[in-house]
Structure formats: structure tokens, C-alpha cells
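Take a look at the structure below.
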Amino acid sequence: MEQTVKQISDRFPCREDVIRQLYRFYGDGDPFPPAVYLYGHTSTGKTSILREFLSHHLEDTKCAFLNAIECYTNKILFETILNRLTDHVPSADNGYASVASADCMRDFVGHLSHLLDEELSYVVVVENADRIRDMDHNVLPMLLRLPEVCGLNLSVVLVSDLPFEKYFVRTGLSPVIKVFVAEYSKKDITAIMKGGFEKVREEIRINLEQMLEESTTQAPISEEEIDKRINVLMELPTEFYDNYLNMFLNVFFKVCRDLKELQLVSFECFQKYCEPVLDGSIAPDDVTKLWRHIFKTMKLALSTIYMRMGSVNQELLRPTQQESSESLEQVQTMKRLARNLELPFYAKYLLIAAYLASHNAAKEDKRLFMKNHGKQKKRLQSVNAKAKVSEKMATQLGPKSFTIDRLLAIFYAILDEKVGLNCHLLAQISTLIHLKFLIFASGEGSIMDGSARLQCTVGMDFITHIGKMVGFNVRQYLCDFF
């Protein structure tokens, strides 16, 4: 057991507890549990650990990995499971036919008993298992009792982001083993990213060699200069990268805890962080000057951390030397980003409403969004409070959380048209959450009951250009600019 745990932990650090639980269920030679529910936030390694453990560390066990998003009907789901467990691949030779036709649950169970060997063990892994709730009411209860029905040593592993309490069936569900995969802590993310220093250094070395190949007469780079930079890069100690990670996570960890996104943005920022060290203008141990050099780059990267918009991140992470041209480049990039973002009309107003809710105090909503809000008394305290410096402005302090009810109230206040509250409007809120323009502060997954609290992640420049696209002046409804 310990050898298997160590082998997988070398590839997936900070997940020893989850690996040990999987080994107890599937690796000790006992009959498999009928069903296991593996859940946790995205980018926590659920599916990757399962694939590594089941595919490479279990002998005489056939595994079927499928995605419930792709298997959107009962027939596709049943036939995909049969194809994967029997190693059948639909192709032109067989007319793209499945190994057997399974139109209903009875046919599926019959084919399982007929096609599979009783001497072997089987594991079916269903990703995005919450989509099964949209299928027929008998699919989920039957999957949880599949080994009992077909008489095989078969286990069904359901992988999802939602807790099992979100599943509700009138007929009830069989007991299921629940395994929770917790989010990575700051300490875990630091340890994981520290282990990738050699890979990051190798990628930067490859980029430097490509820079030499792509150099032109307008911007010539000598081979000696590239070799000098590569030598400095290969001599950088691990402490240099450790200092950078501590600096990077202090800025980004409060905004994003998605390991994949952090690794992506960290690599882009680290290239900029290394530039003055590689050309010899700043010493590797001069942390103060390195922080001043990378501060503006990290600030720009914060505004597009979740936005996979082609080369936008590259453009943002290459600011020019002069301050004026740097500001112009940032504005132009935000314009291109807002212009390329194809959101529905009402979704743009919902995003604007979310930004206003995140950067205005709730007590100011009546004054900002109602015509007859009464006369406001001028007090010395309120006058002094308006004399804010930029560091104390709400737009500079970061987004605050708000409820769905407040979001919709502001949306209807700023929208000139009369629109009813329907499923399409709520679906657009979900789309903004999926695009990471809105993130959950609490009550994740509970949009319909109104208990969720959200935060808006976009910046001031971005939302200003979104407002211009629909003819809405955002600054007019922000308390900081009164």
C-alpha cells in the first residue's frame, strides 16, 4: 500500500489521504464497493488521481471513463459503458455501431451480464455526474445498485463538484460511500508549484532559443547574449523561485485558488520577473527592486486571470517602458477584450449590475438607483468621508459580496426595458459564473434559493468598455465618483 501511495503522491502531491482511501476501496483484494461518490471543487485532482490509480495500479480490472455531459441520453450512456468495458471502438469497419444496442435499463443490465466476464473486476467512472439528474428518474438509483443487479464485481464512481445532498429522487437512493477532496491550501499550492521549478526553467530556456531564431534585423539578438541569459537562468537557485512564489501567492491566492490558473499566470509573470535578472540589471537577491519591477505586471494580470482570450494575457504582460504608452496599451487591450467578448445583451447588463453591487455599499442603492430618494442631509462627517484618497476608494479596495436579490434589483433599476424574471435570465447569471466573471463568496451552487453571495472579478476599465457597448455610463452609478 505504502509503495503505491508513494508512487502516486510523487505525481500528485498533498493528496495522500485521498489515495489511501481509494486503495482501501479497490486495492486490498476485497470485493469493490457498489458505489463511491467523489466530490470537491474543480481543479483539485479528482479525475487525474482516479485515472492514475485505476489504470496503472490495478491488475485484472477493466475501467470505463466517461463524461455525463457527452452521454446526454440514456441510450448513449448505456452503450458507452458497454463499449468501454468490452474495449469495443465504433469505427468505419463496423459501421460505427456499438457492441450492443441498449435502449432501456433492462437491455443494459442484460448485456452487462452476458458480455462481461464474471472472473474479472470492473470500475465505471462517470465525470460530471450531476448531469445524471436530468436523465430518467431510474438511471441514478440503478447505477448505485448496479453490482447487485448484474451480479458482477463492479463499482460505479461518480465524480462531481456538488455534494451528494444536492441529489434528490422521490424513490430514494441507496447508501453511497462519499469521499471529499478538499481545496488546496496556500501551503499545498506552494509545495506543488515549487516542485515545478525545473519544468518552468526548461520552458523559459526553450523560449529564449526561439527568440534567437525569430530575431530580425530590426531587433537583432546575438547568440552570445542568448547564451549568457541561458547560463544565468540555469544557475538560478531554488530560493529565487521560492521568493517569487511567496510574492505571487500573496497577490493572487485571495482572488483565485484554481491550481491550473495559478500555474498558467505564474509562468507568464515569472518570465517578466526573470528579465532584469537575465540581462544583469538587477541582482537575483534584490527582492525590493524585483518587486517594483513585477508589481505592475501582476496588477495587469489580476484583471484577466480567468479570461482565456488568446494572446490577451501576452499583451497585458508585456507593458512598454514609458508610463504613458503603458496606460495606452492597457486601455487598448481592454477595448479589444471587451469587443471580442460575445455576451448576450442582458448578460452585459447583469455584469454591469454585478460590478455596481460589488463596489457600492448596499445603503447607497436607494440614492443611486431611485429617482425619488428624498433629500440627503449634508453632514461634516459625510463631506470628509467623500474626500477619499485613491487607496481608500471602493473600486481600489476590491469587490464585496452581494446577494442574487440585490443583483436583480440593480439590474432592473439600470435597464430601461421591462423584462420578466425567467429561466433565461437566471441561466445568464450561471454563464457569467462559468466564465469566472462572477465567483461565489458563499452558498456555492444555490442560485435558485437566493442564499448564494457572489463577487464580481472584472476590473474598472473592462466594465467601462462593456458599458460603452450598451450605452451605459458606469462611473455615474459609482459612489467613488460623486
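The values are calculated or read from the model by the stated rules, or taken from the named source; none is laboratory data. Predicted model, so just to flag it, every value in this text is computed and none were measured. Here the Cβ is made from the backbone with ideal geometry for all residues, glycine too, and neighbour counts use every protein chain on show. Calculation scope for accessible area: heavy atoms of the full protein, side chains included, ligands and nucleic acids excluded. Shrake-Rupley method; radii C 1.70, N 1.55, O 1.52, S 1.80 Å.
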Check your understanding: Rounded to the nearest 0.05, what FRET efficiency do residue 145 and residue 231 have when you use their Cβ-Cβ distance and R0 = 56 Å?
Key -> 0.30
Review point. Residue 136 label point, 7 Å along Cα→Cβ, cut-off 13 Å on backbone N: hits in segment 108-130?
Key: 108-110
Study note, to complete from the structure: residue 416 and residue 431 label points (each 7 Å along its Cα→Cβ direction) are spaced in nm at 2.2
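For segment 73-158, just say rounded, prolate or oblate: build the C-alpha gyration tensor, square-root its eigenvalues into a ≥ b ≥ c, call rounded for a/c under 1.5, and beyond that prolate if a/b exceeds b/c, oblate if not.
Details: a/c = 1.64, a/b = 1.17, b/c = 1.40.
It is oblate, given that a/c is not under 1.5 and a/b is not larger than b/c.
Any idea of the accessible area per residue across segment 12-54, 1.4 Å probe, to the nearest Å²? Please report the intermediate quantities before stating the final value.
Numbers: 1660 Å² over 43 residues.
Ligands and nucleic acids excluded, the figure is 39 Å² per residue.
Would you kindly state how much longer the chain becomes between residue 206 and residue 73 on full extension, computed as 0.36 nm times their sequence separation minus their alpha carbon distance, in nm to one decimal?
Working: separation 133, 0.36 × 133 = 47.88 nm, distance 4.57 nm.
Using 0.36 nm per residue and subtracting the Cα-Cα distance, I get 43.3 nm.
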Revision key, fill the gap. Checked against a 28 Å limit on the C-alpha separation, the offending pairs among 199/348; 299/400; 260/400; 62/436 are 199/348; 62/436
Point to revise | Cleavage-rule hits, trypsin sites (Lys or Arg not before Pro), segment 105-196, DSSP coil, Cβ neighbours within 10 Å at most 16 | key: 145, 170
Exercise for review: Quote the FRET efficiency, to the nearest 0.05, computed for residue 476 versus residue 299 with a Förster distance R0 of 25 Å and r equal to the Cβ-Cβ distance.
Suggested key: 0.50
Review point. Segment 156-189: which chymotrypsin sites (Phe, Trp or Tyr not before Pro) are DSSP loop and have at most 12 other beta-carbon atoms within 10 angstrom?
Key: 168
Review point. At what distance in nm do the modelled label points of residue 182 and residue 361 sit from each other, each positioned 7 Å from its Cα along Cα→Cβ?
Key: 3.7
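Taking Cα pairs under 8 Å and at least six residues apart, what relative contact order does segment 102-245 come out at, in percent?
Values: 89 pairs, mean separation 28.4, N = 144.
So the answer I get is 20 percent.
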Exercise for review: Within segment 60-143, list the chymotrypsin sites (Phe, Trp or Tyr not before Pro) lying in a DSSP loop whose Cβ has at most 10 other Cβ atoms in a 10 Å radius.
Suggested key: 96
Review point. Residue 55 versus residue 103, label points 7 Å from Cα toward the beta carbon: distance in nm?
Key: 3.5
